[in-house]
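Heads up: the structure comes next, in structure tokens.
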Amino acid sequence: MQILQPTDEALNRAARILKDGGVVVMPTETVYGLACSALNPEAVRRVYEIKGRPSANPLIVHISEFTQLKAVAESWPKEAEILAKRFWPGPLTLVLPKKAKVPDETTGGLDTVAVRVPDHAIALELIKRSGLPLAAPSANLFMGLSPTRAKDVDEAILVDVEMVLDGGPCLIGVESTVLDLSEEHPRILRPGGVSRADIQAALGRQLGELPPPHLRKSPGMHPRHYAPRAKVVLVKRIDDEAAGLTLSTPTHELQIQMPLDARAYAAGLYSGMRRLDVLGVEEIQVQLPPSTPEWEAVWDRLQKASHPA
């Protein structure tokens, strides 16, 4: 599969593919997504098949502006408008009651739909040109590392899609925060690119407790997810001879020094693990990052990546 630059011609072609029920890999600010029409059950089923993803695991619907929310959501509370005004476009997904026309395939059979406006010019342009809300889970095999560059999309994905648009490296580097607004007390289902503190500040209230582990109202809620092929082991200090991600000075070329800033660390996390995967290491040691609130999304990804298969 050829990886194309997002020229006007390529964008028009990609939009036609989506209208015809095809699948396109598109960039977003978080990770690259496997995009299809969110309203086409057959196209959505194909995305699940390409990823090897369980059909009960809902997808995130991408729209280009807040006014399009009425096309997929039956209703929304005032909190949705407050958060959309503050964080859209951006890496925040809202879970809301769904419109009947949104197929069960897209929502994993639930009566809610997860929606966001991506903060990426190419993704927004593709949504506008196609005239469709796009379901776009990360362009990885189920439980695998999400790609943050077009060239990192797995070969097993590339052989099954019609087009890949190259939008450069993703700035956020981890998936969106998913916030459930379908119940009385808003709560985070998946930490991500928008922090808990920023959401609470915008709403002027504390968020609800974490959901039970069996709840599947959001992607990324399986115990193991976002994992490289190599075994991931979390350690206080990386062994001198080991391969891995370190906060200290590397001792050899198979150790990657990570920044002590949570946002910068998140932006380089998947690409760092992928680099070691490509080099064929069998185990990736990861030095434990700080445990302060701003590291919540990083901790979530590390714990899922290191969970036993």
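The values are calculated or read from the model by the stated rules, or taken from the named source; none is laboratory data. This one's a predicted model, so the numbers in the text were calculated from it and none came from an experiment. Heads up, the Cβs are rebuilt from the backbone with ideal geometry, glycines too, and the neighbour counts pull from every protein chain shown. The protein model used for the area step is the full one, side chains on, heavy atoms only, and it has no ligands, DNA or RNA in it. Shrake-Rupley method; radii C 1.70, N 1.55, O 1.52, S 1.80 Å.
The figures follow:
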item: Rounded to the nearest 20 debye, dipole of the chain from Cβ charges on Lys, Arg, Asp, Glu; result: 560 debye
item: Length gained when the stretch LEU171-GLU253 is fully extended (0.36 nm per residue, less Cα-Cα span); result: 27.1 nm
item: Amide H partners (placed H, <5 Å) of LEU189, local residues excluded; result: VAL178, LEU179, ASP180
item: Anisotropy class of region 148-191 from Cα gyration tensor, a/c 1.5 cut; result: prolate
item: Residue-by-residue Karplus 3J(HN,Hα) for region 79-88, coefficients 6.51, -1.76, 1.60, Hz, glycine and proline x; result: 4, 5, 5, 4, 6, 5, 5, 7, 10, 9
item: Charged-residue dipole, Cβ positions (Lys, Arg, Asp, Glu), region 206-308 about Cα centre, Debye nearest 20; result: 440 debye
item: Two-site label geometry, GLN303 and ASP8: point separation in nm, points 7 Å out along Cα→Cβ; result: 5.0 nm
item: Rg/Rg_globular for region 163-309, with Rg_globular taken as 2.2 N^0.38 Å and Rg from C-alpha atoms; result: 1.12
item: Over the chain: helical MRE at 222 nm, DSSP H runs n ≥ 4 each giving -39500 (n - 2.57), nearest 500; result: -8000 deg cm²/dmol
item: Heavy-atom accessible area ranking, 1.4 Å probe, most first, across VAL298, VAL278; result: VAL278, VAL298
item: Shape call, the chain: gyration tensor on alpha carbons, a/c limit 1.5; result: oblate
item: For HIS225, net neighbour charge (Lys/Arg +1, Asp/Glu -1) across residues whose Cβ lies under 10 Å away; result: +2
item: Overall form of region 150-249 per C-alpha gyration tensor (a/c, 1.5; a/b vs b/c); result: oblate
item: With every protein chain in place, the chain: carbon and sulfur % of accessible area (1.4 Å); result: 52 percent
item: Exposure rule at most 11 other beta-carbon atoms within 10 Å, DSSP loop trypsin sites (Lys or Arg not before Pro): the chain longest free segment; result: 102-235
item: Exposure of VAL153 as accessible area (Å², to 10), given a probe of 1.4 Å and all protein chains; result: 10 Å²
item: Computed over the chain: relative contact order in percent, which uses C-alpha pairs under 8 Å that are six or more apart; result: 21 percent
item: Low-density loop positions, GluC sites (Glu not before Pro), region 204-309 - DSSP coil, at most 10 other Cβ in 10 Å; result: GLU209, GLU241, GLU253, GLU282
item: Residue-normalised accessible area of region 4-160, given per residue in Å² at a 1.4 Å probe; result: 38 Å²
